[in-house]
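**Q** Structure below; questions to follow.
The values are calculated or read from the model by the stated rules, or taken from the named source; none is laboratory data. Since the model is a prediction, treat every value here as computed from it, not as a measurement. Cβ sites come from the backbone with ideal geometry, for glycine too, and all protein chains shown count toward neighbours. The protein model used for the area step is the full one, side chains on, heavy atoms only, and it has no ligands, DNA or RNA in it. Shrake-Rupley method; radii C 1.70, N 1.55, O 1.52, S 1.80 Å.
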Amino acid sequence: MSLPLFPLPHTVLFPGQVLPLYIFEPRYRDLLARVQASGEPFGVVRLQPRREGGTSLLDRVGRVGTLAHLLEAEGHEDGTSSVLTVGGERFRVREFDLSHAYLSAEVELWPLEPDPLGAPAEEATARRLLSDLLRLYPAQADTIRHNAPDTPLLLASYAAALLPLEAEVREEALRAATLLDRLDVLRGAVPLEARELN
């Protein structure tokens with residue numbers, strides 16, 4: 001699967017998360033034109049910060065990302081655009097493609113593996129994660145409870161957006177082999193005083 005990529009610093013997109021973007025660079029205007037013409041998604045990958053001494057762009061681009069599906073695009077008179085996207089499936093980069101003005105890659109979709117403990121364990125862990133969020137943000141508890149998704153997969157994405165996580169931890173959660181593993185990574189990032197004890 002050939003996919004145009006949008007590397008973003010400090011950003012890890014999860015399934016179901018809404019991501020607004022402002023498109024102003026010429027190469028990303030080209031990417032947007034391709035996506036609008038074809039209806040295909042593009043890939044959001046994390047752009048790691050430069051290390052001491054500098055590294056090449058490809059060394060800094062994450063090898064795991066999430067499909068971003070275009071929901072809305074509003075063009076402005078100066079050629080820039082405000083777009084709204086939503087996260088879809090996870091993918092792995094197999095090989096980068098430098099033949100366009102923007103970065104592209106051959107990717108393979110990377111679905112979560114089924115967990116041996118099954119849906120009951122995922123649902124129980126998701127409920128504990130929601131309890132953690134309510135303890136962590138008591139002043140916003142009603143809003144969090146009202147907006148919390150019903151499914152464990154989307155609740156994990158919701159929690160990833162709310163928790164004060166470093167980008168590396170977000171990427172660790174995205175890379176998790178199973179949904180239960182992802183939920184555990186997110187619960188592990190909740191400050192101990194707000195975490196529901198088993």
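**Q** Enter the accessible area per residue of the chain (Å², integer; probe 1.4 Å; all protein chains in place).
**A** Roughly 53 Å² per residue, with all protein chains present.
**Q** Relative contact order, percent, of region 79-191 when contacts are C-alpha pairs under 8 Å separated by at least 6 residues?
**A** Computed over region 79-191, the figure is 25 percent.
**Q** Remind me, relative contact order of the chain in percent, using alpha carbon pairs under 8 angstrom and six or more residues apart?
**A** 23 percent
**Q** Region 1-63: which chymotrypsin sites (Phe, Trp or Tyr not before Pro) are DSSP loop and have at most 16 other beta-carbon atoms within 10 angstrom?
**A** Passing sites in region 1-63 are 24.
**Q** Further question on the same structure: Just how much of residue 151 is accessible, in Å², when a 1.4 Å probe is used and the result is rounded to the nearest 10?
**A** Its heavy atoms expose roughly 70 Å² to the probe.
**Q** Using 15 Å as the cut-off for backbone N distance, which residues of region 101-124 belong to the label zone defined by a point 7 Å from the Cα of residue 92 along Cα→Cβ?
**A** 106-114
**Q** Then there is this: Just the ratio, please: alpha-carbon radius of gyration of the chain over 2.2 N^0.38 Å, N its number of residues.
**A** Compactness ratio reported: 1.09.
**Q** Right, here's the next one. Longest segment of the chain with no GluC sites (Glu not before Pro) in a DSSP loop having at most 13 other Cβ atoms within 10 Å?
**A** 78-165
**Q** Roughly how many nanometres apart are two label points built 7 Å out from the Cα toward the Cβ at residue 145 and residue 178?
**A** Reported label-point gap for residue 145 and residue 178 is 3.1 nm.
**Q** Specify whether the C-alpha gyration tensor of region 51-110 places it in the rounded, prolate or oblate class, a ≥ b ≥ c being the square roots of the eigenvalues: rounded for a/c under 1.5, otherwise prolate if a/b is larger than b/c and oblate if not.
**A** oblate
**Q** If you don't mind, there's one more thing I want to ask. Principal axis lengths of region 98-158 from Cα atoms, whole Å, largest first?
**A** 50, 33, 16
**Q** Which of the trypsin sites (Lys or Arg not before Pro) across region 1-76 are loop residues per DSSP, with 13 or fewer other Cβ within 10 Å?
**A** Answer by residue number: 50, 51.
**Q** Shifting gears a bit: Placing +1 at every Lys and Arg Cβ and -1 at every Asp and Glu Cβ, with all other atoms neutral, what dipole size does the chain have around its Cα centre, in debye to the nearest 20?
**A** Here the size comes out at about 280 debye.
**Q** Tell me the net charge near residue 12. Cut-off is 15 Å between Cβ atoms, residue 12 excluded, with +1 for each Lys or Arg and -1 for each Asp or Glu.
**A** Its environment carries a net charge of +3.
**Q** Sticking with this structure for a sec: For residue 27 and residue 100, calculate 0.36 nm times their separation in residues minus their Cα-Cα distance, and state this gained length in nm to one decimal.
**A** Stretched fully, the residue 27-residue 100 segment lengthens by 25.4 nm.
**Q** Express as a percent, rounded to the nearest 5, the fraction of DSSP beta bridges in region 1-79 (both residues included) that run antiparallel.
**A** 50 percent
**Q** So, one more: How much of the accessible area of region 1-131, probe 1.4 Å, is carbon plus sulfur, in whole percent?
**A** Using a 1.4 Å probe with all protein chains present, region 1-131 comes out at 52 percent carbon and sulfur.
**Q** Let me ask something else about it. From the C-alpha coordinates alone, can you work out the Kirkwood hydrodynamic radius of region 1-62, in Å?
**A** About 13.1 Å for region 1-62.
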